[in-house]
Structures are given as C-alpha cells and as structure tokens.
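Trainee: To start, I am sharing the structure in question, which I have written as structure tokens.
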C-alpha cells in the first residue's frame, strides 16, 4: 500500500486532471470504489445506510456512495454535516441525488433528526473530511463524531 501526503495527493489529482481525467470523473471513481469495498465488507442483512458528508471533495465522494446505495435498493439517508457542498464536482454529484430516493438532512438545521437517522442505520459512512483537512474538530461536528463513535454500528470511510 502506498500512502500519500496531502501535497502528493493534490499533485496526483492535478496531474490526472491535466492528462484528461476530470475531477468529477475522479470523484465518481472514488465513490464507486468505496461503494464496492463497503458492499464487500458489510453484512448481507444491512438495509439502512447513513452517509455523513462534508462540503468538499470527500463529501462529494460520499454523495456518489449515497446515490449508488440508493440505486442498489438500500434505504439511504445523507447527513450534510457542514451544509451543502461547495466545490464544483461535489455540487454536481449533489444535484444527481435529486430523485434518487435519498433522504437528505442538514445537520446544522436539524441535528436531532440526523442523530435519529444515524442511530437507526446498519452502516455509517464517514465522508466528512478528507486529506485537505487541518485544524481541530470542535463544536457540533465534534458532537456528531462522538455520537457516531459511541454506537455499535459499522463505520466506513472513503
């Protein structure tokens, strides 16, 4: 396994983009890969999936995962942990959720509904922060992470 630093990952993504693979295609590929790995490792009895999404590219990866689980017949809820996506590619995949059957909850607006969805899920996917995150997690996001960590549910991360 090769582990890249944040700078190396940015360089690899820029190089791929410069050579014809768009950031949106990379996001779709990452989401598909993550979805496949989660499906390989989750219980056959799991039917309810909750994806926690940030507003950046990692959140966009999670939105792709959400759409794929929904297309696979799962009961899917998406918790927007930091509000709606802001990056071009993440916004594009967010638009694709329309009509997908995914339940979308804005954590900042309705934390109690988000906690209910998380608690009732068989699988949780953490797509809040990616390689570009720096700093401390505090406030409501820290509360969200502590809550998820207190549960006995399978948690995956792209």
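The values are calculated or read from the model by the stated rules, or taken from the named source; none is laboratory data. Given the structure is predicted, the values throughout are model-derived calculations rather than measurements. Heads up, the Cβs are rebuilt from the backbone with ideal geometry, glycines too, and the neighbour counts pull from every protein chain shown.
Residues checked against (1) in contact with a strand residue (DSSP E or B) (Cβ under 6 Å, 6 or more places away or on another chain); (2) over 23 Å from residue 30 (Cα atoms):
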position	(1), (2)
89	no, no
93	no, no
97	no, no
100	no, no
111	no, yes
117	yes, yes
136	no, yes
140	no, yes
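Trainee: Taking residue 144 as meeting all but one of (1) under 15 Å from the mean Cα position of the chain (by Cα); (2) part of a loop (DSSP other than H, G, I, E, B), write down the number of the exception.
Mentor: Every listed condition holds for residue 144 apart from (2).
This table checks each residue for (1) under 26 Å from residue 5 (Cα atoms); (2) without any contact (Cβ under 8 Å) to a residue 40 or more places away in the chain.
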{"residue": "46", "(1), (2)": "no, no"}
{"residue": "84", "(1), (2)": "no, yes"}
{"residue": "96", "(1), (2)": "no, yes"}
{"residue": "122", "(1), (2)": "no, no"}
{"residue": "135", "(1), (2)": "yes, yes"}
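Trainee: Test of understanding: among 76, 65, which residue is modelled with pLDDT of 95 or more and part of a helix (DSSP H, G or I)?
Mentor: Unique residue meeting the criteria: 65.
Trainee: Okay, moving on. Can you name every residue in the range 98-110 that is part of a loop (DSSP other than H, G, I, E, B), in contact (Cβ under 8 Å) with a residue 24 or more places away in the chain and surrounded by fewer than 18 Cβ atoms within 10 Å (Cβ to Cβ)?
Mentor: Listed by number, the residues that qualify are 100, 101, 108.
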